[in-house]
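Asks: Supplied in structure tokens, the structure appears directly below.
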Amino acid sequence: MCGCWTNGYTANRGLHYVTNAEGKQVLVKSTPPAPAAYEAYLRARLALERDPPRLDEARGHILDALRWQPDEPQLWTVRGEIEWRAGDFAAAEVALAKALALRPGYPEAQRLLAQIHPPRTNATAAK
């Protein structure tokens, strides 16, 4: 689910595209991560992309990444994604709230939060 794109150069890792809640690509800037945090993040992403996803393994890796870089909203967003996929929506909301507290309006966190709480239509609200 990662909407990130980078050309792979370390100097440019701070700029990447994410898909916002409206489905549009938005360029965002992040602080390049500490190497250990980035490695743990990549391992978490790989565990999530397995078929079936290895959620416990991904959780362990993202927790390692967060120990190295607790102020990075993308890491908290991935933590939210892991909890969401595990069915722990309350924990997902907490992680996404942390991501949004660190960077208000962070598109990737907003997009995932919208999946947890889809917008209610007037017909749904009336019931």
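Values in this text are rule-based calculations from the coordinates and carry no lab data. Keep in mind that this is a model prediction, so the values were computed, not measured. Please note: Cβ atoms are built from the backbone with ideal geometry, for glycine as well, and neighbour counts cover all protein chains shown.
Asks: Using the Karplus curve 6.51 cos²θ - 1.76 cosθ + 1.60 with θ = phi - 60°, what ³J(HN,Hα) values do you get for each residue of segment 99-116, in whole Hz, with x for Gly and Pro?
Replies: Once rounded to whole Hz, the list reads 4, 6, 5, 6, 9, x, x, 4, x, 5, 5, 4, 4, 5, 4, 5, 6, 6.
Asks: Please list, in chain and number order, the residues 5+ apart from Leu15 or on another chain whose amide H is under 5 Å from its amide H, with Hs placed from the backbone.
Replies: Answer set, sorted by chain and number: Ser30.
Asks: For the pair Phe89 and Ala114, how long in nm is the line joining their label points, each one 7 Å along Cα→Cβ?
Replies: About 1.8 nm separates the two model spin labels.
Asks: Does segment 34-118 classify as rounded, prolate or oblate by the C-alpha gyration tensor (a ≥ b ≥ c root eigenvalues; a/c under 1.5 gives rounded; else a/b over b/c gives prolate, otherwise oblate)? Can you show the working numbers first?
Replies: Numbers: a/c = 1.97, a/b = 1.13, b/c = 1.74.
Cα axes put segment 34-118 in the oblate bin.
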